C-alpha cells in the first residue's frame, strides 16, 4: 500500500469523524437537510473571500463561507417561524437563492480567473494527497489532512466542553433555558461547527460526500441506540468503516472514491434499517405480527366468555360472530391450546 493510499484513507476517516459529531446532533434535532443547504449556500462566502484575498487557499474563505452558512440557517429559521411555510420549504427557498448569488458573482466577476462552481464545490479524494502543505520549504503532508484535522480537534474540544449543554438543549430546550444557558447560543454554535466542518471538508471530498458522511452514519446509529454517547460512537464507527471500505471498493472497481464511499454509507444504513433489533423494519414487522396475534387471542377469549352455550363455542361460530376465515380461526385455536 502506497503513501498516497494511506493518506487518502486517513483523510477520509478524519473527515468522517469530523462530520459524524455535528451530524449526530443535526439528526437528533430533525435538521438533517440543513447540512445540504449549508454545503451549497456557502458559495457566495467563498467567492467574496476570493475576491478579497485573490487566493483560494486563504483561511478567510473558510471564515466567510462559515458565516454564509450561519446566515443560511438564520434565514431558514426566520422564514419557518413566520408559520407560513414548513422547514423543508424554507430550506428549499433559501439555499437555491444563496447558491444562485454565488453563481452570478462567479459569472460576472471571475470569467478570466480559475474559479468556477466545480473548483469551489467539488473535491476529489484521489487528488487530496497531491495538494501538499509546505512550511519553510518542508513538506508536512496533505493540506486537507491538516485543515480537517484542525477542525476535528476544535470540534472534539467544544464537544467535551459543552456536551451537557448540547445534550440538554437538544432534548429539552425549556429545561436548558431554566438552567441558565441559552439554547439559541448552543444552536448557532452547533450550526457554526457544521458550517466550518462542511467548508473544511468539501475541498477534499466534495459536497455530496460531506452531506452523506454527516447524515448517514448518524441516522444508522439513531436506529440502534437511545444513548447519546453510544450514538456518537456508532456514528463515528460507521463513518470510518464506510470511508475505508468505500475506498477499497473504488480501488477494486476503478470507480469514484466519493461515489463508492457514499454507496457503502447507503448500504450500511439499509442493513441497519432492515435488521436493527428494536427499530429495524423486520423487528417492527415481527412485533406487529405478535400484537395482531395477541389481539386475536384476546378476542377469542372474550368470545368464549360471552358465549356459555356449547353450540356457540364451535369453530364455525368464530367465522359467524367474529368474521374470521377458517385458516385464521384454526391458527388462533391452536395458539390458545398451546397457551393453556
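Going by the structure shown, is residue 135 modelled with pLDDT under 85 and buried (at least 16 other Cβ atoms within 10 Å of the Cβ)?
no
Which condition from (1) crowded, with 18+ Cβ neighbours inside 10 Å; (2) more than 28 Å from residue 129 (Cα to Cα) is the one that residue 242 breaks?
Exception for residue 242: condition (2).
For the structure I just gave you, tell me whether residue 185 is surrounded by fewer than 20 Cβ atoms within 10 Å (Cβ to Cβ) and closer than 22 Å to residue 129 by Cα. Spell out how you get there, then give the answer.
Values: surrounded by fewer than 20 Cβ atoms within 10 Å (Cβ to Cβ): yes; closer than 22 Å to residue 129 by Cα: no.
Answer is no for this residue.
Just wondering, is there one or more residues in segment 279-291 that are in a loop (DSSP other than H, G, I, E, B) and either within 21 Å of residue 9 (Cα to Cα) or out of contact with any strand residue (DSSP E or B) (no Cβ under 8 Å at 6 or more places or on another chain) (or both)?
yes
Check off (1) within 15 Å of the chain's Cα centre (by Cα); (2) buried (at least 17 other Cβ atoms within 10 Å of the Cβ); (3) part of a helix (DSSP H, G or I) for residue 273 and give me the number that stays unchecked.
The one condition residue 273 does not meet is (2).
Restricting the search to segment 67-89, which residues are more than 19 Å from the chain's Cα centre (by Cα) and surrounded by 15 or more Cβ atoms within 10 Å (Cβ to Cβ)?
Selection gives 67, 68, 71, 75, 77, 79, 80.
For residue 159, all conditions in the list (1) surrounded by fewer than 19 Cβ atoms within 10 Å (Cβ to Cβ); (2) without any contact (Cβ under 8 Å) to a residue 60 or more places away in the chain hold save one; what is the number of the exception?
(2)
Consider segment 69-90. How many of its residues are under 16 Å from residue 33 (Cα atoms) and either outside any loop (DSSP other than H, G, I, E, B) or not assigned by TED's automatic domain parsing to the domain that holds residue 104 (or both)?
15
The values are calculated or read from the model by the stated rules, or taken from the named source; none is laboratory data. Treat the numbers as computed from the prediction; the structure is a model and nothing was measured. In this analysis, Cβ positions are derived from the backbone assuming ideal geometry, glycine residues included, and neighbour counts consider all displayed protein chains.
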